[in-house]
Each structure stands twice: as C-alpha cells, then as structure tokens.
Amino acid sequence: MADRFRSTEGLIDALADASFDRPPALVSNAHVTGLGVARALDAHGVPVIALDRAAGDGTESVTHDGLAPPSEAVDFAGAVTYPLDDLDGFREDVEAIVDAAGTEAVAFGCMDEWALAYAEADPDGVRLPYSGIDTIDDVLNKSRLYATCEELGIPYPETYRLGGGSEEGSDGGTIDADALEEAVDALGFPLVVKPARKREFEEAFGTNVVTVADREELEEVVAGAAAEGVEVMAQKRVDVATGRDHSLASYVPPSGVDDALAVVGNAAVRYPLQFGTSCLVETADEPAIEERALAVLDDAGYHGISEAEFVYDDEREEFLLLDVNTRPWKWISLPVAAGANLPMAAYASVTDAEYEPEGIDPTQPDRWVYLRDYLSLLAGDDPFWDQLSGDDWRRLVAGSFEREGDLTTGIYRPSDPGPAAKLFETEFIDREYYCSC
C-alpha cells in the first residue's frame with residue numbers, strides 16, 4: 001500500500017529505492033475509476049503507481065482526496081503536472097518517474113484528459129495498451145462517430161452538425177446558419193447542444209452537454225462555441241427510458257474485434273435518477289448492443305479498453321448509440337467480477353504477462369453498486385424503491401459479498417478498507433475533489 005501521496009520529487013526519490021519484477025502500471029487519475037483499475041491489476045500481481053494532479057502546491061506530501069492511494073492495490077502514489085495545464089510538463093514528470101523506477105511502465109488513463117495525454121505526449125518508456133492519438137480522436141469525435149453510425153446503419157439520436165470548429169492558428173470558427181435553421185425547424189425546443197470533441201467544450205463551458213430552452217439560448221451557446229473554435233451539433237432530446245441505459249464494456253486487442261473481451265452492462269439506477277452517473281449496474285444479455293458497438297470500434301480500427309454507451313428511445317423503440325469512451329470508467333469492476341478483467345487483458349497485451357479470461361455467462365447477471373450514491377437515493381426525497389434484497393444487505397454488512405453472491409462494489413471492500421475510510425474522512429467536510437469518478 002502507498003504510505004502517502006507524494007510530491008513529484010518525493011515519488012521519484014521513493015521509486016529510486018524500489019525494484020520491480022515486471023512493468024508497473026501508471027494509473028491516472030487516482031479516484032474511483034483508478035481504484036477499480038488498480039484492484040483489477042493487483043489481483044494478478046501487477047505493481048501500481050497511482051498518478052494524479054497535485055494537492056496543495058505540489059511540492060511536498062499532503063493529504064489527497066483521491067480514493068485510490070490508500071488502497072492495498074496501490075504501491076506508490078504521487079503528483080504529476082496536470083496535462084491540461086502543461087502537456088510538456090506532464091511528459092517530463094512521467095519520464096522522470098519511469099526513469100526512477102528503472103523499468104518501462106504501462107499507462108492507464110482513467111479520464112479523457114489523462115488517456116489523451118498519455119497518447120499525445122508519448123513519454124519515453126511508457127507502453128500504451130490502446131490505440132494512438134489519431135485513432136482515439138476519430139472515436140471520440142462525435143461528428144465522425146455519428147457519420148460512422150450512418151454508414152453502418154446503427155441508430156443514434158437525430159443530430160444536425162452546426163460547424164464552429166476552427167483551423168489551427170485561427171481565432172475561431174463559423175456556425176453554419178442554414179444548418180442552424182434546419183435544426184431548429186426539425187428538432188424544436190428544448191434541444192441538446194453537444195460538442196464534436198468533449199474536452200474542448202468542457203474547457204469552455206464547464207460541461208460536456210448543454211440543454212437549451214429557446215432560440216436565444218441556442219444562439220448564445222453556439223456563438224460561444226464558435227468563438228472558442230469548438231465544433232458543435234444540435235441533437236434531439238431523447239425520451240429516454242429510465243433504467244434501460246446499456247453499455248458495452250470491452251477490450252479489443254490489436255488482432256481485432258473477433259478476439260474482443262466484452263460484457264454488456266445495464267445502468268439500472270443512476271444518481272440523480274434521470275441523468276446522473278451510474279450507481280447500480282448489472283450485466284445483461286443484449287447481443288445487438290455488443291454487435292453494434294464492436295462494429296463501430298472495428299470501423300475505427302480502435303484497440304484497447306472502451307465503453308460504448310446506448311440509451312433506449314421510447315419513441316423509436318430502439319437503442320441509440322450516444323458515445324464511446326476510449327478508457328476505463330466508473331463501474332470497470334463489474335466486467336472484472338463477471339470474468340472479464342479488461343485492465344489485465346490490456347496489460348498483458350503489451351507485456352510478457354499472460355491472462356486467460358474466465359467463462360462469461362451473460363444469462364447469469366452480476367451487479368455493481370456505488371454505495372455512496374445508492375444510499376443517498378434511499379435517503380432522498382424522490383421516490384425510490386430499494387433494488388437490493390435483505391440477503392444483499394447482510395452480505396454487504398458482513399463483507400461476505402466478496403466471497404459469495406453476485407454483487408460487487410465501487411469502493412467499499414472490507415479486504416481493502418483504506419478507500420472507504422478515506423471517503424468517510426472527506427465526505428463530511430467542506431472540501432470537494434475535482435472529479436466525480
């Protein structure tokens with residue numbers, strides 16, 4: 001277990017005194033998703049170095065709110081320059097860390113900015129278990145993603161491309177006035193404005209999607225996007241069937257989708273209920289979801305871990321592809337529990353390690369719960385019927401869920417108590433961690 005979250009220099013010094021019998025994994029960021037990845041790798045003896053943006057001024061070891069560092073699955077934890085602030089500084093920090101470790105390392109970016117940063121910075125000594133930056137950009141660019149859906153006949157929300165993107169070196173982009181009029185006439189209000197590239201839009205607006213209620217709001221948002229050179233789209237607000245969101249959790253090896261390791265997950269409960277993040281997910285037998293998601297990944301030539309997100313449109317009575325995340329995500333522990341250790345499969349693809357998945361039976365469901373959010377739903381004012389049984393709760397309290405039953409958790413595990421203890425320490429004080437997952 002990492003005994004502390006170190007400064008960059010402190011981490012380099014600590015690694016200089018360590019030895020590794022195999023390449024360590026660099027897991028960034030060091031919160032809920034990073035914890036899931038670390039535990040998945042640690043189960044196979046892979047050493048883990050958790051890297052995150054600095055706490056405090058970054059010059060010395062301080063308390064860090066990320067939940068991965070106190071885990072028994074993490075060997076070392078420390079700060080690196082945040083790549084969105086300084087990509088060159090990030091590269092230099094990672095190269096210094098790898099050099100101190102005395103061996104190459106395998107990168108796992110657990111948020112878009114980290115996954116993209118490892119691919120774009122391409123630090124010496126770091127092996128990427130996923131496609132390079134050009135392929136990732138093709139998958140993450142929703143404009144290209146939806147064009148691929150059209151070619152492959154995969155349903156997606158009704159969308160109009162409005163422009164707004166800029167050429168390198170220009171001051172901004174231009175909105176296509178005709179496309180804007182067409183979108184307003186076809187979609188009406190409210191409608192959703194989405195970026196082609198999520199990261200650029202989030203930097204400008206603090207969110208990756210905006211719902212606009214009228215023409216004035218629409219013009220304000222698209223003008224702001226164009227000023228930042230961000231390509232945007234207008235999309236119909238889908239009448240989503242609550243509890244029927246599905247995703248394909250997969251690892252596609254370099255050999256292609258025919259050898260993919262995949263599990264479909266149903267986000268049965270979100271927090272908040274309608275449009276929040278997943279807090280109860282269960283595996284599902286939905287072959288069409290798997291087929292459509294893998295077709296998109298195959299067309300893009302992507303290999304690596306990914307989550308392809310679908311919603312069920314009540315009006316159209318079919319699943320629509322919303323997004324593809326080319327990285328691990330919050331409930332990455334679910335496919336691991338179901339017999340598909342995606343992080344380990346990815347690690348093995350770029351090292352000498354071997355991994356053979358267990359048999360996956362989609363007709364025998366496994367479930368994942370993020371207790372912090374699930375308990376908030378039970379304690380809240382909105383009507384919510386508990387979907388866990390008395391036996392589930394007894395296993396959770398006793399800790400026997402780790403050995404029996406079909407339920408796993410996002411953080412709480414008695415065999416690895418540090419992350420849950422850290423959550424209790426940070427949950428009830430006026431301090432907010434910068435990442436929800």
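The values are calculated or read from the model by the stated rules, or taken from the named source; none is laboratory data. Because the structure is a prediction, the values reported are computed rather than measured. Quick reminder, even Gly has a Cβ in these numbers, built from the backbone with ideal geometry, and neighbours come from all protein chains shown. In case anyone asks, the SASA skips ligands and DNA or RNA and just uses the protein heavy atoms, side chains included. Shrake-Rupley method; radii C 1.70, N 1.55, O 1.52, S 1.80 Å.
Key figures
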{"read-out": "Any hit, region 183-192, residues being open to solvent by 20 Å² or more (accessible area, probe 1.4 Å), at pLDDT 90 or above, within 30 Å of the chain's Cα centre (by Cα) and not aromatic (F, W, Y)", "value": "yes"}
{"read-out": "Members of region 305-333 found to be in a loop (DSSP other than H, G, I, E, B) and either hydroxyl-bearing (S, T, Y) or within 15 Å of the chain's Cα centre (by Cα) (or both), listed by number", "value": "T326, R327, P328, W329, K330, W331, I332"}
{"read-out": "Residues within region 34-84 that are in contact with a helix residue (DSSP H, G or I) (Cβ under 6 Å, 6 or more places away or on another chain), of a type outside the set (A, V, I, L, M, F, W, C) and outside any loop (DSSP other than H, G, I, E, B), tallied", "value": "2"}
{"read-out": "Residue among T135, T211, T148 that is of a type in the set (S, T, N, Q), in contact with a Pro (Cβ under 6 Å, 6 or more places away or on another chain), in contact (Cβ under 8 Å) with a residue 12 or more places away in the chain and not in a loop (DSSP other than H, G, I, E, B)", "value": "T211"}
{"read-out": "Members of region 388-401 that are open to solvent by 70 Å² or more (accessible area, probe 1.4 Å) and either more than 17 Å from P365 (Cβ to Cβ) or within 27 Å of the chain's Cα centre (by Cα) (or both)", "value": "R394, V397, A398"}
{"read-out": "Which listed residue, of A268, A260, is closer than 21 Å to Y374 by Cβ and over 16 Å from the mean Cα position of the chain (by Cα)", "value": "A268"}
{"read-out": "Residues located in region 274-304, provided they are of a type in the set (V, I, T) and either open to solvent by 10 Å² or more (accessible area, probe 1.4 Å) or more than 16 Å from the chain's Cα centre (by Cα) (or both)", "value": "T277, T283, I289, V296"}
{"read-out": "Residue satisfying all of: in region 415-429; within 25 Å of A268 (Cα to Cα) and modelled with pLDDT of 95 or more; least open to solvent (accessible area, probe 1.4 Å) among these", "value": "P419"}
